[in-house]
1. What angle, in degrees between 0 and 90 and rounded to the nearest 10, separates the Cα long axis of helix 117-132 from the longest principal axis of the Cα atoms of the chain?
2. Spin-label point model (7 Å from Cα, Cβ direction): what's the Trp113 to Asp163 distance in nm?
3. Classify the stretch 1-55 as rounded, prolate or oblate from the Cα gyration tensor: take a ≥ b ≥ c as the square roots of its eigenvalues, call it rounded if a/c is under 1.5, otherwise prolate when a/b beats b/c and oblate if not.
4. Within the stretch 106-128, name every residue whose backbone N is under 11 Å away from a label modeled 7 Å from Cα of Val173 along the Cβ vector.
5. Report, in cubic angstrom per residue, the convex hull volume of the C-alpha atoms of the stretch 86-171.
6. Counting only protein heavy atoms and using a 1.4 Å probe, what share of the accessible area of the chain belongs to carbon plus sulfur, as a whole percent?
7. Compare the Cα positions of Trp84, Phe65, Thr20 along the charge dipole of the chain (+1 at Cβ of Lys, Arg; -1 at Cβ of Asp, Glu; about the Cα centre) and return the one farthest towards the positive end.
8. With label points built 7 Å along Cα→Cβ from the Cα atoms of Glu34 and Gln145, find their separation and express it in nm.
Amino acid sequence: MLISIERFGEAIDFCIEAHTNHSRRNNTRLWDGETPYAVHPIWCAMAFLQETKLRTRKKAREDYFFALMFHDILEDTTVGLPIWLSPESVLLIEQMTFSGEVGSTEIEIREIWSMPPVVRLLKLYDKVSNLLDGAWMPDEKWNEQYVPYVLRLATDVENAYGDLNIVRMSRAVAIKRSASKTTRAQAQKKGSDL
(Lines give C-alpha, C1' and ligand atoms only; values in the text may rest on other atoms or scores of the structure.)
Protein backbone atom coordinates (compact mmCIF):
# COMPACT_ATOMS: atom_id res chain seq x y z
CA MET A 1 0.00 0.00 0.00
CA LEU A 2 1.29 3.45 -0.84
CA ILE A 3 -0.08 5.06 2.31
CA SER A 4 -0.96 3.81 5.76
CA ILE A 5 -4.32 2.12 6.17
CA GLU A 6 -5.20 4.64 8.89
CA ARG A 7 -4.44 7.67 6.69
CA PHE A 8 -6.24 6.00 3.76
CA GLY A 9 -9.38 5.59 5.88
CA GLU A 10 -9.08 9.13 7.24
CA ALA A 11 -8.89 10.50 3.69
CA ILE A 12 -12.00 8.67 2.55
CA ASP A 13 -13.93 9.64 5.68
CA PHE A 14 -12.91 13.30 5.31
CA CYS A 15 -13.89 13.34 1.64
CA ILE A 16 -17.30 11.79 2.29
CA GLU A 17 -18.02 14.11 5.23
CA ALA A 18 -16.98 17.24 3.31
CA HIS A 19 -19.00 16.46 0.19
CA THR A 20 -22.04 15.11 2.06
CA ASN A 21 -22.48 17.60 4.88
CA HIS A 22 -20.55 20.72 3.81
CA SER A 23 -21.27 21.01 0.10
CA ARG A 24 -21.71 24.43 -1.50
CA ARG A 25 -23.74 22.81 -4.24
CA ASN A 26 -25.67 19.62 -4.68
CA ASN A 27 -24.09 16.76 -2.76
CA THR A 28 -24.95 14.26 -5.50
CA ARG A 29 -23.63 13.76 -9.02
CA LEU A 30 -25.60 15.47 -11.79
CA TRP A 31 -26.12 12.44 -13.98
CA ASP A 32 -28.63 10.75 -11.68
CA GLY A 33 -29.06 13.08 -8.70
CA GLU A 34 -28.57 10.09 -6.39
CA THR A 35 -24.91 9.08 -6.55
CA PRO A 36 -23.08 10.77 -3.66
CA TYR A 37 -20.70 13.43 -4.96
CA ALA A 38 -17.83 11.94 -2.95
CA VAL A 39 -17.81 8.97 -5.33
CA HIS A 40 -16.17 11.24 -7.95
CA PRO A 41 -12.99 12.22 -6.05
CA ILE A 42 -12.74 8.75 -4.52
CA TRP A 43 -12.92 7.22 -8.03
CA CYS A 44 -10.19 9.60 -9.24
CA ALA A 45 -7.88 8.69 -6.35
CA MET A 46 -8.54 4.95 -6.66
CA ALA A 47 -8.01 4.95 -10.43
CA PHE A 48 -4.66 6.64 -9.79
CA LEU A 49 -3.64 3.91 -7.33
CA GLN A 50 -4.08 1.37 -10.13
CA GLU A 51 -1.60 3.21 -12.34
CA THR A 52 1.31 0.77 -12.09
CA LYS A 53 3.27 2.15 -15.06
CA LEU A 54 3.72 5.61 -13.56
CA ARG A 55 7.24 5.80 -12.19
CA THR A 56 7.46 8.25 -9.31
CA ARG A 57 8.79 8.33 -5.79
CA LYS A 58 6.50 6.81 -3.14
CA LYS A 59 6.06 10.23 -1.51
CA ALA A 60 5.02 11.80 -4.82
CA ARG A 61 2.46 9.04 -5.40
CA GLU A 62 1.02 9.74 -1.97
CA ASP A 63 0.81 13.47 -2.74
CA TYR A 64 -0.94 12.75 -6.06
CA PHE A 65 -3.40 10.39 -4.36
CA PHE A 66 -4.35 13.02 -1.76
CA ALA A 67 -4.54 15.75 -4.41
CA LEU A 68 -7.08 13.67 -6.32
CA MET A 69 -9.02 12.68 -3.20
CA PHE A 70 -9.38 16.34 -2.16
CA HIS A 71 -9.31 18.12 -5.53
CA ASP A 72 -12.87 19.47 -5.20
CA ILE A 73 -12.78 20.38 -1.49
CA LEU A 74 -11.80 24.04 -1.95
CA GLU A 75 -14.13 24.60 -4.90
CA ASP A 76 -17.20 22.67 -3.79
CA THR A 77 -17.29 22.57 0.02
CA THR A 78 -17.16 24.92 2.98
CA VAL A 79 -14.39 23.02 4.79
CA GLY A 80 -10.70 23.51 4.44
CA LEU A 81 -8.17 20.87 3.58
CA PRO A 82 -7.02 18.34 6.20
CA ILE A 83 -4.23 19.81 8.33
CA TRP A 84 -2.10 16.71 7.88
CA LEU A 85 -1.67 17.16 4.11
CA SER A 86 1.84 17.81 2.87
CA PRO A 87 2.63 21.22 1.34
CA GLU A 88 3.09 19.40 -1.99
CA SER A 89 -0.44 17.96 -1.87
CA VAL A 90 -1.89 21.35 -0.93
CA LEU A 91 -0.08 23.04 -3.82
CA LEU A 92 -1.36 20.42 -6.30
CA ILE A 93 -4.92 20.88 -5.04
CA GLU A 94 -4.64 24.64 -5.38
CA GLN A 95 -3.29 24.26 -8.91
CA MET A 96 -6.16 21.91 -9.81
CA THR A 97 -8.80 24.26 -8.42
CA PHE A 98 -10.58 26.60 -10.77
CA SER A 99 -13.43 28.85 -9.79
CA GLY A 100 -16.78 27.14 -9.40
CA GLU A 101 -18.56 29.98 -11.18
CA VAL A 102 -20.15 29.93 -14.62
CA GLY A 103 -17.43 29.68 -17.24
CA SER A 104 -14.97 27.89 -14.97
CA THR A 105 -14.52 25.09 -17.51
CA GLU A 106 -13.45 27.63 -20.11
CA ILE A 107 -11.06 29.21 -17.62
CA GLU A 108 -9.61 25.81 -16.77
CA ILE A 109 -9.15 24.83 -20.42
CA ARG A 110 -7.33 28.09 -21.06
CA GLU A 111 -5.13 28.06 -17.93
CA ILE A 112 -4.30 24.38 -17.45
CA TRP A 113 -1.50 24.51 -20.03
CA SER A 114 0.53 26.89 -17.86
CA MET A 115 0.43 24.39 -14.98
CA PRO A 116 3.09 21.72 -14.38
CA PRO A 117 2.62 18.43 -16.28
CA VAL A 118 1.62 16.60 -13.09
CA VAL A 119 -1.39 18.89 -12.69
CA ARG A 120 -2.52 17.98 -16.20
CA LEU A 121 -2.02 14.29 -15.34
CA LEU A 122 -4.24 14.62 -12.30
CA LYS A 123 -6.82 16.69 -14.20
CA LEU A 124 -7.11 13.85 -16.71
CA TYR A 125 -8.44 11.56 -13.94
CA ASP A 126 -10.95 14.26 -12.99
CA LYS A 127 -12.16 14.79 -16.54
CA VAL A 128 -12.41 11.07 -17.38
CA SER A 129 -14.57 10.60 -14.30
CA ASN A 130 -16.77 13.49 -15.46
CA LEU A 131 -17.18 11.86 -18.85
CA LEU A 132 -18.02 8.49 -17.30
CA ASP A 133 -21.06 10.02 -15.62
CA GLY A 134 -21.62 12.83 -18.11
CA ALA A 135 -25.06 11.77 -19.31
CA TRP A 136 -26.34 15.10 -17.95
CA MET A 137 -23.99 17.07 -20.17
CA PRO A 138 -25.53 18.76 -23.22
CA ASP A 139 -24.21 17.37 -26.52
CA GLU A 140 -22.63 20.70 -27.43
CA LYS A 141 -20.60 20.87 -24.23
CA TRP A 142 -19.66 17.18 -24.54
CA ASN A 143 -18.66 17.35 -28.22
CA GLU A 144 -17.21 20.84 -28.52
CA GLN A 145 -15.63 21.33 -25.12
CA TYR A 146 -15.05 18.16 -23.11
CA VAL A 147 -14.04 15.66 -25.79
CA PRO A 148 -11.37 17.87 -27.42
CA TYR A 149 -10.08 18.95 -23.99
CA VAL A 150 -9.80 15.38 -22.67
CA LEU A 151 -8.11 14.16 -25.85
CA ARG A 152 -5.62 17.02 -25.72
CA LEU A 153 -4.92 16.26 -22.04
CA ALA A 154 -4.47 12.57 -22.93
CA THR A 155 -1.89 13.36 -25.61
CA ASP A 156 -0.08 15.72 -23.26
CA VAL A 157 -0.03 13.14 -20.45
CA GLU A 158 1.10 10.38 -22.80
CA ASN A 159 3.97 12.56 -24.05
CA ALA A 160 5.03 13.33 -20.48
CA TYR A 161 4.39 9.99 -18.75
CA GLY A 162 4.00 7.29 -21.38
CA ASP A 163 1.26 4.75 -21.97
CA LEU A 164 -0.82 4.97 -18.79
CA ASN A 165 -4.17 3.36 -18.04
CA ILE A 166 -5.82 6.77 -17.71
CA VAL A 167 -4.68 7.71 -21.22
CA ARG A 168 -6.27 4.56 -22.63
CA MET A 169 -9.44 5.12 -20.61
CA SER A 170 -9.70 8.73 -21.76
CA ARG A 171 -9.53 7.72 -25.40
CA ALA A 172 -12.17 5.05 -24.85
CA VAL A 173 -14.69 7.49 -23.34
CA ALA A 174 -13.88 10.76 -25.12
CA ILE A 175 -15.95 10.02 -28.19
CA LYS A 176 -18.21 12.58 -29.80
CA ARG A 177 -21.91 11.90 -29.50
CA SER A 178 -23.89 11.54 -32.67
CA ALA A 179 -27.31 10.47 -31.41
CA SER A 180 -29.80 13.06 -30.28
CA LYS A 181 -30.94 13.15 -26.65
CA THR A 182 -34.30 11.79 -27.73
CA THR A 183 -32.67 8.81 -29.42
CA ARG A 184 -30.44 8.16 -26.38
CA ALA A 185 -33.40 8.49 -24.00
CA GLN A 186 -35.37 6.02 -26.12
CA ALA A 187 -32.45 3.59 -26.12
CA GLN A 188 -32.06 3.91 -22.36
CA LYS A 189 -35.79 3.32 -21.83
CA LYS A 190 -35.72 0.35 -24.17
CA GLY A 191 -32.74 -1.04 -22.25
CA SER A 192 -34.61 -0.65 -18.95
CA ASP A 193 -37.59 -2.52 -20.41
CA LEU A 194 -35.46 -5.62 -21.01
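1. 40 degrees
2. The modelled label-to-label distance comes out at 2.8 nm.
3. It comes out oblate by the Cα gyration axes.
4. Answer for the stretch 106-128: 124-128.
5. Convex hull of Cα atoms, per residue: 104 Å³.
6. 55 percent
7. Phe65
8. Distance between the two pseudo-spin positions: 2.7 nm.
The values are calculated or read from the model by the stated rules, or taken from the named source; none is laboratory data. As the structure is a prediction and not an experimental result, all values here were calculated from the model. FYI the Cβ positions are ideal-geometry reconstructions off the backbone, even for glycines, and counts take in every protein chain you see. All accessible areas refer to the heavy atoms of the entire protein, side chains included, with ligands and DNA or RNA removed. Shrake-Rupley method; radii C 1.70, N 1.55, O 1.52, S 1.80 Å.
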